[in-house]
Amino acid sequence: MAGLIGIGLTGILGHQAALNTTGNNIANANTPGYSRQEVQFDAQEGRRTGAGTIGTGLSVTNIRRLANEYLVQQVREDSTLYGEQKTLNSELTRLDNLLGGESTGLSKALNNFFASLQNAAEDPASLPQRQLVLSEAQQITSRFHALNQEFIQQRESVKTQMSQGVKDANTLLKSIADLNVAISESPGIAQGKMPNELLDKRDEKLRQLSELVDIKVSPADGSQVNVSLSNGLSLVVGSHAATLGTRESAEDPTRLEFTLSNGGRTLNIDEQINSGKLGGLLRFDNGALKPAFDELGRIAIALSATMNHQHEIGMDLEGDLGRLFFTDINSEEVQRSRVVANANNQQPQTGQLAVEITDSSRLAAGSFTLQFSGDGRNFELIDKATGETVNQGRMPDPVQSEISMPGFNIRIEGGAFNAGDKYLIQPSRGAAESIGLVVNREEDLAFASPVRAAADGQNTGTATIDQGKMLDVRNPFTNSLLPGFQNAGELANGPLEVSFAAGGSTGLIYNVTDASSNVIATGEYDPGISNKLFQDDPSVGTAYQGFQFEITGKPAIGDKFAISYNTNGVSDNRNAGLLAALGTANTLNNGSQSFTEGYAGLVETIGVETRQSQLDMDAGKTLLEQSTNQRESISGVNLDEEAGKLIQYQAAYNASAQVMSVAQDLFNTLLQSFR
Amino acid sequence: MIRISSQQIFSGGISRLQELNASLNNTQQQISTGKRVNKPSDDPVAAARILKLDQELARIETYQRNVNLADNRLKQEESALGSSVDIVQRIRELTVQAGNGSLSANDRQSISSELKERIGQLANIANTRDASGEYVFSGFQGGTPAFSQNAAGNWEYQGDEGRRVLEIDDGVTVPISDHGKGIFVTIPAAAIGTVTTATPGNEYISGVNITDPSTLKGISTDRLEISVTSLAPSQLTVTGPGGAPITDAQGNTLPFTYSFTDGEPVEISGVEFTVSDVAVGDSFEVDTSRRQSVFNTIETLIAGLDGIDKGTAEGQAKYDDLIADSLANLDNAQESFILKQTELGGRMNAVESTKSFLEDSSVYTNEIRSELQDVDYAEAISNLSFQSFVLQAAQQSFARVSQLSLFDRL
């Protein structure tokens, strides 16, 4: 009887435990990371009797947590992937919307600007038309600034997310280390009685951590886990957690780099963070944002360079040569700003470098690392995007020299260079920020050309001269003004006179003489073709005057043409036409793209990346869902199942109680028989 | 059999509903904006092409504006030239009148005074200004009047040879102005003879006339130097400038010496002239390729009407030459104007055809752009109704499934 009560009691207690566990499952049906538990029953060892073994009831051997380590690992891996793609996608989408927006993009401003130039060409003396050109040009610079500002904001937002992500990761690392301790110290662990809720909690923390970075989890003694980055750098060892951090990048002070501090040592771990949310942020910055900065800057440089050149060889409404239209792309300050010395360079850090844009049409959008080795005079230039060495060599002693690259020159001006010193070369990174409008008066817009030609009234031949084409006002080698343009408002060596005389194989030669009757160009004249009077090559001396005139037809001996400054030429629209033509000219990519096409290329690149990342994210989401479902199918709580169990255990509980009641009845019956 | 957790039923159901909502929203956005490509990632290649087409459209719009402006300018120039033709026509009539031998000096005076009015009128037209006040015929120097009177009262060209050109389509340019020099100044003029004797006596040259332009064109010079070498027999020499021998189109050297009769026409290589009252050593020059401004022609005519004394034989000959030359020169001026008018007509035709071409390309470009960017409504609306049907079904089934619970039966 006592045995029966005992058996009933074990049943009651056992099923109470089972009901509690089921209740707990139901209560935690929506708890993230919770794994359902079940009670493992075992029959108690029976009493041996002569007749055999009589059972003594139920014992609860274990409360088991239903979890599969492999599936948990799978969920972590997929979380890492999805975390990276989700971050990348959300950042790219922002960039995509910005660049593609009709009002936020650059293309509308470009179109309007060149349209205003076309319109101004119709009536070059009209001040309202000129005012419109100025305000549209202002619009362009504001668009560049606004886009650049948006890029900067996004860069800052990436940096904030990096610091925040690192803080979150540190909290998680700390919790994991703490949980490691709590688990290893939990009572009964030696007997295999696991602290289920602590394990769930730790798995959940590990999952959250895997959303941020790519981690490897390995089991250790005392049911602890060690966590490391995928390449092996330890994050958590037992009860000890390392600290992730961010700091200003030594290479590029506008960026942050990830660090890992462990035992007083701090390492840069940018190379190791290549997945998860933090990896996604780095990938976005390196793969989309920096190239976008560079590409936008390249368009700004090409626009400034070509507009400036064309504007400088024009003549304004007041008869002066045109000056800069946009800010100079090669001012001393800008040239120096294109080079950033690595903060870790050896003392004394006196290296002086500058980058000069030599040909905007050949300039590629990109950045480079200039790295010194050996005795500090061997250099190597590495393309940041591909990691390839694009130029290498040895600097002379003293070091003043130039490293020529397509479209730009790196000028080494002086200072000390040591092996291991690095410099970041960014030819176009800041250009969208520094572009500005220099012309500020309508009258200063150079819509005319500064030269013109006229036939002498006494000419008897039928030859005609064209109105000339400007090439340059400066000698490209010395950058000083050509002889004709040294005085404002006149052709300093002019007017030039073209005259014809007998001679040469064609029977006719021409001479161009300057105001002091010096012959500056001469040649044979062929009446059948269009004859160029000057040379187009700046290296030939006086026969290069910075302009070109052509004569066609049949001149008579003694005929004369005069080439003079375009004084009072207010109605001349030649330069306005040429400025407007730049809108469609192929000025980028070795002369294969116009400004709009260059910008469209940027939009397309970002669009493709965004679309790709959208697909990747969808795939990543599906993978994560699948692995989550697999984990859920093992560890998730199904309420119907729990309800069934509730009924099942309740029935057994009731029955066990009935067993006790029977035992009591038996006992009563026995007592009454003795009364 | 795979276990499904209750959380899966709910979270799975909810995330399906969210996906359906997202795609429904996307379709709805396409319909409400009318655009298939709302951001570059919707179709990156199309987005880049749309930017290019936008540029194309902006350019076409600018060109269309330029076409209209070019047309206006050309019309203004044409109407100025039309008036010039009328004025020169009137001057020609007056010149013909003046050639009437029975006119008295007074009659000539009154003709000359009308001519003075007309020349001012012609100068006004040559100084036509455009809407922004610039002189149309001054070349690049729109701020300077094309013609102004010098100290002697003669009209002189002040501008240059600049010509304004406007782009009306990619690579298609049309001149929208012409300099006055080409229209009013460098007009071919009748050949004239001048006395070049160092100390002139009574001799004069008259009746210079081109009888055979093709022969004249072939010879090596357009300036004949004539000098009388003897009178019995009357002989003169004809050379090019500086005494150079004259060759004809075939390269043959022409004779050096010709005989002539005083006061009778002589014809040499297509040019006819008459030398009168000559002495040995007298020299003359005949210039066959002169150019003269229309103003100069009229001024010379006025000066002749006012100043030539018809009393002498020389005066009579000069007067006759003046009238004949003036008529020829006025005809040439008219021809110059009409030639320019024809050229303007050609340009206006080109402008007109460019205009219709631009309209066509604008339509095409818009069509292509719309194909790339615009939503296909039939497709989008059928998508929308299908998606909303699916969403409704998903909502209903989710509501049903989520209500199922064994606890309700307990």
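Descriptive notes on the structure:
- Top-ranked residue in region A:627-642 [being touching a residue at least 24 places away in the same chain (Cβ under 8 Å) and assigned to a helix (DSSP H, G or I); ranked as farthest from the other protein chains (Cβ to nearest Cβ)]: A:Ser627
- Test for B:Ala105: is it surrounded by 21 or more Cβ atoms within 10 Å (Cβ to Cβ), under 44 Å from the mean Cα position of the chain (by Cα) and either of a type in the set (A, V, I, L, M, F, W, C) or facing another protein chain (nearest Cβ under 8 Å) (or both): no
- Some residue of region A:576-599 being crowded, with 20+ Cβ neighbours inside 10 Å, within 12 Å of another protein chain (Cβ to nearest Cβ) and under 30 Å from A:Val72 (Cβ atoms): no
- Qualifying residue in region B:88-95 (condition: over 20 Å from B:Asn154 (Cα atoms) and not in a helix (DSSP H, G or I)): no
- Any hit, region A:452-461, residues being within 13 Å of another protein chain (Cβ to nearest Cβ) and without any contact (Cβ under 8 Å) to a residue 12 or more places away in the chain: yes
- Filter pass, B:Ala47 being out of contact with any strand residue (DSSP E or B) (no Cβ under 8 Å at 6 or more places or on another chain), small (Gly, Ala, Ser), surrounded by 17 or more Cβ atoms within 10 Å (Cβ to Cβ) and over 30 Å from B:Ala333 (Cβ atoms): yes
Residue-wise test of (1) surrounded by fewer than 16 Cβ atoms within 10 Å (Cβ to Cβ); (2) within 18 Å of A:Asn459 (Cα to Cα).
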residue: B:Gly171; (1), (2): yes, no
residue: B:His179; (1), (2): no, yes
residue: B:Ile187; (1), (2): no, yes
residue: B:Thr194; (1), (2): yes, no
residue: B:Pro200; (1), (2): yes, no
residue: B:Glu203; (1), (2): no, no
residue: B:Ile210; (1), (2): no, no
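- Members of region A:137-194 that are farther than 30 Å from A:Asn286 by Cβ and among the basic types (Lys, Arg): A:Lys193
- When residues of region A:429-451 are limited to those that are part of a helix (DSSP H, G or I) and either out of contact with any Asp or Glu (no Cβ under 8 Å at 6 or more places or on another chain) or of a type in the set (Ser, Thr, Tyr) (or both), the one nearest to the other protein chains (Cβ to nearest Cβ): A:Glu442
- Figure legend. Inter-residue proximity from region A:387-402: first residues of a type in the set (A, V, I, L, M, F, W, C), second residues part of a loop (DSSP other than H, G, I, E, B), beta-carbon distance below 8 Å, spacing 6+ or different chains. Indicated pairs: A:Met395/A:Arg377; A:Met395/A:Phe417; A:Val399/A:Arg377; A:Val399/A:Gly415; A:Val399/A:Phe417.
- Scanning region A:90-99 for residues that are within 10 Å of chain B (Cβ to nearest Cβ) and in contact with a Phe, Trp or Tyr (Cβ under 9 Å, 6 or more places away or on another chain), we see that the one that is surrounded by the most Cβ atoms within 10 Å (Cβ to Cβ) is A:Leu99.
- Matching residues in region A:502-515 - criterion: being under 60 Å from the mean Cα position of the chain (by Cα) and exposed (fewer than 15 other Cβ atoms within 10 Å of the Cβ): A:Ala515
- Residue in region A:618-640 that is within 27 Å of the chain's Cα centre (by Cα), charged (D, E, K, R), within 30 Å of A:Leu147 (Cβ to Cβ) and at pLDDT 90 or above present: yes
- Cβ separations smaller than 7 Å between residues 6+ apart or across chains give the following pairs from region B:8-30 residues that are free of Cβ contacts under 8 Å to residues at least 60 places away in the same chain to residues that are in a helix (DSSP H, G or I) and buried (at least 16 other Cβ atoms within 10 Å of the Cβ): B:Gln8/A:Asn629; B:Gln8/A:Glu632.
Table: residues versus (1) crowded, with 17+ Cβ neighbours inside 10 Å; (2) at pLDDT below 90.
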site: B:Gly307; (1), (2): no, yes
site: B:Gly315; (1), (2): no, yes
site: B:Tyr319; (1), (2): yes, yes
site: B:Ile323; (1), (2): yes, no
site: B:Leu327; (1), (2): yes, no
site: B:Leu339; (1), (2): no, no
site: B:Arg347; (1), (2): yes, no
site: B:Val351; (1), (2): yes, no
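A quick yes/no check of all residues on (1) touching a residue at least 60 places away in the same chain (Cβ under 8 Å); (2) facing another protein chain (nearest Cβ under 9 Å); (3) of a type in the set (Phe, Trp, Tyr):
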position: B:Ser148; (1), (2), (3): no, no, no
position: B:Gly162; (1), (2), (3): no, yes, no
position: B:Asp170; (1), (2), (3): yes, yes, no
position: B:Ser177; (1), (2), (3): yes, yes, no
position: B:Gly182; (1), (2), (3): yes, no, no
position: B:Val185; (1), (2), (3): yes, yes, no
position: B:Ala190; (1), (2), (3): yes, no, no
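- Test: residue in region A:406-418 that is in contact with a Phe, Trp or Tyr (Cβ under 7 Å, 6 or more places away or on another chain) and touching a residue at least 12 places away in the same chain (Cβ under 8 Å): yes
- Selected residue (criterion: nearest to the chain's Cα centre (by Cα)) from residues of region B:152-169 that are part of a strand (DSSP E or B) and not aromatic (Phe, Trp, Tyr): B:Val165
- Residue under evaluation A:Asn111, criteria (1) surrounded by 18 or more Cβ atoms within 10 Å (Cβ to Cβ); (2) over 19 Å from B:Glu61 (Cα atoms); (3) at the interface with another protein chain (Cβ under 10 Å from one of its Cβ atoms), criterion not met: (2)
- Any hit, region A:537-554, residues being without any contact (Cβ under 8 Å) to a residue 40 or more places away in the chain, under 30 Å from B:Ala189 (Cα atoms) and either in contact with a Phe, Trp or Tyr (Cβ under 8 Å, 6 or more places away or on another chain) or among the basic types (Lys, Arg) (or both): no
- Verdict on A:Ala652 being more than 7 Å from chain B (Cβ to nearest Cβ) and in contact with a His (Cβ under 9 Å, 6 or more places away or on another chain): yes
- Matching residues in region B:363-410 - criterion: being within 14 Å of another protein chain (Cβ to nearest Cβ) and among the small types (Gly, Ala, Ser): B:Ser402, B:Ser405
- Those residues of region A:282-300 which are farther than 20 Å from A:Gly387 by Cα and in contact with a Ser or Thr (Cβ under 7 Å, 6 or more places away or on another chain), in sequence order: A:Gly297, A:Arg298
- Here B:Asn25 clears all of (1) exposed (fewer than 15 other Cβ atoms within 10 Å of the Cβ); (2) within 46 Å of the chain's Cα centre (by Cα) except the condition numbered (2).
- Selected residue (criterion: nearest to B:Leu115 (Cα to Cα)) from residues of region B:274-298 that are surrounded by 20 or more Cβ atoms within 10 Å (Cβ to Cβ) and aliphatic (A, V, I, L, M): B:Ile298
- Test: residue in region A:252-262 that is farther than 23 Å from A:Gln73 by Cα and either more than 28 Å from the chain's Cα centre (by Cα) or part of a helix (DSSP H, G or I) (or both): yes
- Region A:527-558, subset more than 18 Å from A:Leu481 (Cα to Cα) and buried (at least 21 other Cβ atoms within 10 Å of the Cβ), residue farthest from the chain's Cα centre (by Cα): A:Pro555
The values are calculated or read from the model by the stated rules, or taken from the named source; none is laboratory data. Owing to the predicted nature of the structure, the values given are computational and were not obtained by experimental measurement. Note that each Cβ is placed from the backbone with ideal geometry, even for glycine, and that neighbours are counted across all protein chains shown.
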